[in-house]
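Throughout, read-outs are computed from the coordinates displayed, never taken from laboratory work. Keep in mind the model is a prediction, meaning the values are calculated, not measured. Glycine also receives a Cβ, built like all others from the backbone with ideal geometry; neighbour counts cover every protein chain displayed.
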Amino acid sequence: MTSTQQLITIGVVVLGTVLTRFLPYLVFREGKKIPPVVDYLGKVLPPAVFGLLVVYCLRNVNFFAGTHGIPEMVSLSVVLLLYLWRKNMLVPMAGGTICYMVLIRVLS
């Protein structure tokens, strides 16, 4: 890439980031009622994204080789238990990731 192309690429990325950060505040100003479809999407998309992540993370697990999927299943259980306990998305993500990283080092 030339220097001009690099600057244009950086500019487009910055513009896209700024737009996605500030556009909701411009479209949904304080005091305006949020459209029902946006409210609905706000409720259903987070669980759908996490479901998609579970499927994506478990897609290549081979239960008949290596560790037989033990790190993945134990970490998934940790994520579920932490979520049920804390009702927070960040604690289970961090706990599951730490658990998985420890298990793949210990069991491999």
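Summary of values
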{"item": "Any hit, segment 56-65, residues being closer than 25 Å to residue 100 by Cα and hydroxyl-bearing (Ser, Thr, Tyr)", "result": "yes"}
{"item": "Residue that is loosely packed, with under 11 Cβ neighbours inside 10 Å and without any contact (Cβ under 8 Å) to a residue 60 or more places away in the chain, where the choices are 82, 76, 23", "result": "23"}
